[in-house]
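As structure tokens, the structure follows; a few thoughts come after it.
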Amino acid sequence: MKMLTKVVIPARYNSSRLPGKPLLLINNKPIFWHVVQRVLEAGVLLEDVIVATDNKKIESLAVELKVPVVMTSLEHISGTDRINEVAQLNDWPNNTVILNVQGDEPLIPSQLIKKLIAFTDDNIQFDITTAISALTSKADLLNANVVKAIVGADNCALYFTRASAPFNRDNPSDFSLAFRHIGIYAYRKYALQKFCQYEEAPLEKYEKLEQLRALSHGMRIGAMEFNEVTPHGVDTLQDYQKLKQLMET
């Protein structure tokens, strides 16, 4: 049976590297609006999309653009906590699937969102699902900013790391079992609440990877392979300028 699906798009104003980025314009529309369009292109109804923000300007602009929006606490450390607040404010069933789609990715592929929803519906054994893609270069394997996913049988994620892993002892040049993690998540409501109740795990602190909190506490993460191009989001002013030029050409 198809489950109830909601998409929550966190749009925090005070980004450390680019404050105010959700309000930056591309084709005269803010970045978060473009993310909403990619979600709608995936077949999600507007009534099932919520922008979660901590800023009145973002809220006002969302209302003006007729995008559902919820004001959330300024105290949240992560987007996951912000999404959990939205989930707890709504009377959704505990098995509702809640997608965390980052508010700074105006070119996130709609097919990625669509496929992750289907994968999550088909794999009820997982508390959380996410996406991975095959690593295509040794440089990415060695790059600590490229998060690697180690996946076992039946698409079950075993570990996430910044290290060069897994390592083929007999053929060190082979990285055919290495995957890049794509930062999109789908949580079941009960799992999201449980995740946010846990304290930061030692492995999470060590690698600075939030998903290791879930694995450290025995939660199951499903990893869906998606090998289409996933453009980089907006982290810096240079990222914004590149995407603006690309989308306005």
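The values are calculated or read from the model by the stated rules, or taken from the named source; none is laboratory data. These numbers were taken from a predicted model, which means no experiment stands behind them. No Cβ is skipped: glycine too gets one built from the backbone with ideal geometry, and neighbour counts run over all protein chains shown. These area figures cover heavy atoms from the full protein model, side chains too; ligands, DNA and RNA do not enter into them. Shrake-Rupley method; radii C 1.70, N 1.55, O 1.52, S 1.80 Å.
Return the total of residues in region 138-154 being out of contact with any helix residue (DSSP H, G or I) (no Cβ under 8 Å at 6 or more places or on another chain) and surrounded by 15 or more Cβ atoms within 10 Å (Cβ to Cβ).
The qualifying residues number 7.
Report, by residue number, each residue of region 208-226 that is in a helix (DSSP H, G or I) and more than 21 Å from ALA134 (Cα to Cα). Please lay out each step first, then the result.
Quick first cut of region 208-226, residues in a helix (DSSP H, G or I) only: 211-216.
Selection gives ARG213, ALA214, LEU215, SER216.
Scan region 106-137 for residues that are open to solvent by 20 Å² or more (accessible area, probe 1.4 Å) and in contact with a helix residue (DSSP H, G or I) (Cβ under 6 Å, 6 or more places away or on another chain) and the total you get is 2.
Taken across region 58-78, residues that are modelled with pLDDT under 95, closer than 29 Å to ASP122 by Cα and open to solvent by 10 Å² or more (accessible area, probe 1.4 Å) do occur, with at least one present.
Condition first: open to solvent by 70 Å² or more (accessible area, probe 1.4 Å) and free of Cβ contacts under 8 Å to residues at least 40 places away in the same chain. Now tell me which residues in region 26-39 satisfy that. The answer is ASN28, and nothing else.
How about region 153-171: which of its residues are over 20 Å from GLU204 (Cα atoms) and in contact with a Leu (Cβ under 9 Å, 6 or more places away or on another chain)? Quick ask: steps written out before the conclusion?
Going through region 153-171, the residues over 20 Å from GLU204 (Cα atoms) turn out to be 153-155, 167-171.
Answer for region 153-171, where residues must be over 20 Å from GLU204 (Cα atoms) and in contact with a Leu (Cβ under 9 Å, 6 or more places away or on another chain): just ASN168.
Annotation note: of TYR198, TYR187, TYR240, the sole residue that is more than 18 Å from the chain's Cα centre (by Cα), of a type in the set (Ser, Thr, Tyr) and buried (at least 17 other Cβ atoms within 10 Å of the Cβ) is TYR240.
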